[in-house]
1. Output the residues belonging to the range 54-68 that are surrounded by 12 or more Cβ atoms within 10 Å (Cβ to Cβ) and either more than 13 Å from the ligand (Cβ to nearest atom) or among the polar types (S, T, N, Q) (or both).
2. Which of the residues spanning the range 33-53 are under 19 Å from the mean Cα position of the chain (by Cα) and not hydrophobic (A, V, I, L, M, F, W, C)?
3. So, in the range 13-48, of the ones that are over 25 Å from Glu69 (Cβ atoms) and polar (S, T, N, Q), which residue ends up farthest from the ligand (Cβ to nearest atom)?
4. Return yes when Leu87 is crowded, with 19+ Cβ neighbours inside 10 Å and without any contact (Cβ under 8 Å) to a residue 60 or more places away in the chain and no when it is not.
5. Against the condition surrounded by 13 or more Cβ atoms within 10 Å (Cβ to Cβ), farther than 16 Å from Phe3 by Cβ and more than 12 Å from the ligand (Cβ to nearest atom), how does Leu94 come out, does it pass?
6. Considering only residues that are touching a strand residue (DSSP E or B) at 6+ places or on another chain (Cβ under 6 Å) and away from the ligand (no atom under 16 Å from the Cβ), which ones fall in the range 100-125?
7. Yes or no: Asp110 surrounded by 18 or more Cβ atoms within 10 Å (Cβ to Cβ) and not assigned by TED's automatic domain parsing to the domain that holds Glu2?
8. Name the residues in the range 97-137 that are more than 17 Å from Met1 (Cβ to Cβ) and among the acidic types (Asp, Glu), would you?
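The values are calculated or read from the model by the stated rules, or taken from the named source; none is laboratory data. Remember, it's a predicted structure, so these values are computed and weren't measured experimentally. Glycine gets a Cβ as well: all are built from the backbone with ideal geometry, and neighbour counts include every protein chain shown.
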Amino acid sequence: MEFGTSFGVSTLHLVAALRDNGGGLLISTEFEPVKVAQARANLTAAGLDDLVEIRAGDALEILAPDLPEAMDLVPLDGAKNLYPRVLSLLEPRLRPGSLVLADNADWSPDYLARVRDAAGGYLSVSLAEDVELTMRL
Ligand SMILES: C[S@@+](CC[C@H](N)C(=O)[O-])C[C@H]1O[C@@H](n2cnc3c(N)ncnc32)[C@H](O)[C@@H]1O
């Protein structure tokens, strides 16, 4: 489940990895219609469109009514101030061992405080200056 598709560059890499590892489904979210159209075209041109669903609209609204049963990997790269709310939305479907990868996490101090809280149900490490890798316990 990816938050923030843009033109689909990260999505292309994620979906190619799914294909290389035997399949699966990536759901990605983007609210700018021009970007949604270009991302879909890029994924079709790469022959990867059968493993991805791009949902158009505000992730907080379009994800809630139709969440998958469980998620393995959640790359966060949309609006940074929304990271805590997106995490709250997805949290019930994060199975133990699933990973959340937050880009520019230093722009969301509330998010960092939450995933680094020892009582919060996560194990979290900083991978680089601004990338936070978090595992659901
Ligand atoms: C940094 S870009 C994503 C880049 C992409 N992950 C990549 O590496 O190719 C962030 C994108 O998130 C989108 N976005 C921001 N807030 C959003 C929201 N609430 N719902 C859906 N998309 C959102 C923006 O329109 C923007 O295209």
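1. Leu67, Pro68
2. Matches in the range 33-53: Pro33, Lys35, Gln38, Arg40, Asn42, Asp49, Asp50, Glu53.
3. The selected residue is Thr44.
4. Working: crowded, with 19+ Cβ neighbours inside 10 Å: yes; without any contact (Cβ under 8 Å) to a residue 60 or more places away in the chain: yes.
It is true that Leu87 is crowded, with 19+ Cβ neighbours inside 10 Å and without any contact (Cβ under 8 Å) to a residue 60 or more places away in the chain.
5. no
6. Scanning the range 100-125 gives Val115, Arg116, Tyr122, Leu123, Ser124, Val125.
7. no
8. Answer for the range 97-137, where residues must be more than 17 Å from Met1 (Cβ to Cβ) and among the acidic types (Asp, Glu): Asp106, Asp110, Asp117, Glu129, Asp130.
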